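**Q** Here it is, the structure in full.
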Amino acid sequence: MEPEVTVSGWEAKALNTLHTLTGVEWDSQKVAGTFYTKIAFPEEASRQVVNTLRSFEMKASCVPGPESSTSYVRVSSSTIQKAGGYTSFAFPCIAQLVREDIKIKFNSLNQRNGEIEGWIKEHEGYSFDAVNRFDPDSRGTRCPKLTELTYSKTICYEDEDGATHTETMQVPFCCHANSVVLNGMRVICSQAPRDDTEGEFWQAVKAKSSMILDLTNKTDREKKEVQRYFPPEINDVCAYDVGDIRVTCIAEERDIAGDKRLKRHYYVVQEGAELSGKMVSRLHFRGWPDSGAVSVEDLSMIVHYIRSQKLVNEVELLWMHCRAGVGRTGTVTVALVLAQMREEGTLTLENYAEVIDELIIEGRKQRDILFVQDVSQYQLLHDFAKNLF
């Protein structure tokens with residue numbers, strides 16, 4: 001049986017939108033050793049297809065075909081052909097081939113989400129509330145509130161006699177994040193900070209972490225789903241009213257591990273009138289698509305670098321985020337724990353599949369039921385675990 005081809009990230013969104021708008025069907029097929037996603041649609045739908053693809057930041061244009069009566073849609077390096085009165089459009093498929101056994105296991109795992117949601121509602125500290133949830137317009141889901149993190153807020157007020165007083169109070173941190181503990185390893189998983197929570201984000205990072213792992217990519221930013229919350233160049237400064245926070249970029253490292261997609265910036269985070277501030281670094285991997293997977297080699301490179309730099313510890317927690325802080329972030333979290341367990345001798349070729357499921361279930365209880373979101377991410381973890389031996 002041929003393994004199923006799954007399409008994820010921007011491809012899936014574009015194709016599903018096309019199907020909704022035009023009713024066109026699409027499938028994936030192997031051509032000269034490469035899997036392609038193919039769409040067929042009537043000539044009159046060309047303009048609608050082009051506009052839909054453009055809405056997903058894909059460079060689409062309607063161009064003349066070899067015959068004057070024929071028009072085609074060109075998207076990047078797409079292959080276009082005319083067949084039976086329909087225009088076909090194909091482009092290389094980013095997604096992995098999903099093995100049938102992996103698909104069955106992942107579906108079985110997801111069937112436990114109702115049980116997990118019930119557990120979350122019963123346990124204090126993991127309740128849903130109006131503040132700590134995703135924007136339904138862009139995220140479509142909620143996440144539990146972050147426990148144990150607060151920030152200081154100073155307020156001024158006048159008493160009945162007109163005297164002015166100041167009071168400093170601890171206010172719950174208003175960011176979509178969770179403290180996640182798996183096999184004794186504690187990290188913070190969050191969505192990317194939005195423009196109305198950037199100051200709070202940096203204040204919480206300053207209090208609890210000295211290392212940020214950023215898994216967002218260019219497409220996340222182009223779609224305006226992720227804001228730039230950091231100063232981009234050396235000596236640049238970002239200032240925020242919340243907590244009177246100032247973030248200054250002081251250094252950068254490029255091409256880490258020989259990979260142009262991996263870089264690290266160093267910042268000094270200052271609060272109020274303090275002069276010294278705190279050093280915080282941000283490791284950014286730019287090659288991971290949303291709702292998709294990377295290669296085992298890429299994941300191994302990220303995990304190896306984090307572990308070699310001893311960036312996971314109980315004093316300064318590793319703070320990880322992607323766009324929503326569940327799929328890519330959850331995958332790296334589980335991979336870090338698997339590497340730790342392999343070093344401890346508690347992960348074996350006989351138990352790794354069961355261990356992966358247990359870690360994901362526990363992560364979904366502590367973060368969100370989309371923790372390790374996509375079947376391709378699930379398969380990546382299986383391949384990563386086997387690669388540890």
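The values are calculated or read from the model by the stated rules, or taken from the named source; none is laboratory data. This is a predicted model, so every value here is computed, not measured. Please note: Cβ atoms are built from the backbone with ideal geometry, for glycine as well, and neighbour counts cover all protein chains shown.
**Q** Would you confirm whether any residue within segment 315-338 is over 24 Å from V205 (Cβ atoms) and either assigned by TED's automatic domain parsing to the domain that holds K278 or in contact (Cβ under 8 Å) with a residue 40 or more places away in the chain (or both)?
**A** yes
**Q** Among the residues in segment 242-261, are any assigned by TED's automatic domain parsing to the domain that holds N313, under 18 Å from the mean Cα position of the chain (by Cα) and not small (G, A, S)?
**A** Yes - at least one qualifying residue is present in segment 242-261.
**Q** Counting only residues that are of a type outside the set (V, I, T) and at pLDDT 90 or above, which one in segment 203-227 is farthest from the chain's Cα centre (by Cα)?
**A** Among residues in segment 203-227 that are of a type outside the set (V, I, T) and at pLDDT 90 or above, the one farthest from the chain's Cα centre (by Cα) is S210.
**Q** Same structure again: Which condition number in (1) over 25 Å from H284 (Cβ atoms); (2) surrounded by fewer than 24 Cβ atoms within 10 Å (Cβ to Cβ) is the one that Q366 fails?
**A** It is condition (1) that Q366 fails.
**Q** Considering I369, I360, I306, which residue is touching a residue at least 12 places away in the same chain (Cβ under 8 Å) and touching a Phe, Trp or Tyr at 6+ places or on another chain (Cβ under 7 Å)?
**A** The match here is I360.
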